[in-house]
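Report on the structure given below.
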Amino acid sequence: MKSQFSKRCELFSQKLKRVDRGSFKTVFIPFKPQFKDVLLNGQKVMTSRTRTFGKCRDQFRIFGGTFEILSVKTMMLNTIATKFFNEEGCDSPEDFMRVWCEIHPYKGFQPFQFVHVHIFRRIR
């Protein structure tokens with residue numbers, strides 16, 4: 001059975017439309033509610049996804065904040081877990097792996113899987 005978060009992500013993925021706003025686009029990137037504080041206080045500045053949700057200069061809104069994507073690159077999950085867990089808003093590599101497995105229960109954490117890393121900053 002899928003979690004409420006997974007169901008919401010699927011629904012928004014199906015409705016994902018880029019809205020033209022001149023030189024950037026507004027995109028939707030879903031986040032678990034547990035990341036609200038670390039997103040808004042600037043600790044979480046990176047999100048790793050199995051697909052690309054936007055490109056450089058695109059913006060997204062979540063939890064009342066507006067964020068700008070600075071870069072999108074490909075990286076191995078193991079590298080993210082060991083070197084960038086803090087930028088992902090996690091307390092440790094194990095915390096990052098636990099969260100990844102919650103979001104991806106079927107495939108789980110595969111250390112050598114390449115994913116799309118979105119680096120962003122809060123602008124409002």
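Here is how the numbers come out for the structure above:
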item	result
Label-point gap, in nm, between residue 106 and residue 122 - each point 7 angstrom along Cα→Cβ	3.5 nm
Fewest-first sequence of 77, 40 by Cβ atoms within 10 Å of each Cβ	40, 77
Potential lengthening between residue 43 and residue 70 on full extension [0.36 nm per residue; Cα-Cα distance subtracted]	8.2 nm
Pairwise FRET efficiency - residue 63 versus residue 91, Cβ, R0 = 25 Å, nearest 0.05	0.80
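Every number here is computed from the coordinates shown, using simple stated rules; none is lab data. None of these values were measured; they are calculated from a predicted model. Cβ coordinates were reconstructed from backbone atoms using ideal geometry, including for glycine residues, and neighbour counts include every protein chain displayed.
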